[in-house]
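So the structure is just underneath, and the comments pick up after that.
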């Protein structure tokens, strides 16, 4: 097994929806997979295209746009290292729902859809993994919709930082998995709304260090309490009123 084949096998093993697929079946996928290099701005596929391959990100970030490309307000998802995209359209034989564009230089594994489809009947673990992945992403989308309706911009920003910190107490230095200018789109808000949200969180000990490109949180418990407030003066209406 050469170095590139080992790299592809490792990437497949670490992809969540392939976690229950036997090694021999992964080897079949790896035999058809290729490594792809993308420059910033390169288009991997466009909305409406017929599905060809699905991708696994080895490094860099790929932005999935709901309509066209380049418009931050249309970002559906940002795929980073270890994440896959493009697999679901292959499963349902439908056109691409999004446009995939490399945000920065990216290294990816491309797996032909035909190789994935050929494993469906032979590998129950693949079907289970795909169902689990669809369920997790759907839950994430439902949570985003609930947050948009029930929480202020500051609460959504604070909640996202808490997810990255993976802790509820103490202090933390938090680095984003992508550049800060994509954060507003990730949270479903305009850049100016993000700035106001960060200004509001400064009163809770949250700071953004531009030189280090990192957020610092003085007290995670205080931030957690603020983000869990169901609307006692911190909901979307209060947030809007504070800046109207």
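Tabulated data
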quantity	calculated
Taking 66, 44 and counting other C-beta atoms within 10 Å, the order from fewest to most	66, 44
Extended-chain gain in nm, criterion 0.36 nm per residue less alpha-carbon gap, residue 146 and residue 6	46.3 nm
The range 151-242 shape via C-alpha gyration tensor axes, a/c threshold 1.5	oblate
Inter-probe distance in nm under a simple model that places probes 7 Å from Cα toward Cβ, at residue 105 and residue 210	2.6
FRET E, pair residue 114, residue 167, Förster distance 45 Å, beta-carbon r, rounded to 0.05	0.55
Relative packing of 75-84, 96-105, which averages over residues the other C-beta atoms within 10 Å, highest first	96-105, 75-84
Computed E for residue 175/residue 50 - FRET, C-beta separation, R0 30 angstrom, nearest 0.05	0.20
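Just so you know, all these numbers are worked out from the coordinates, no wet-lab data involved. This one's a predicted model, so the numbers in the text were calculated from it and none came from an experiment. Don't worry about glycine lacking a Cβ; one is built from the backbone with ideal geometry, like all the others, and counts go over all protein chains shown.
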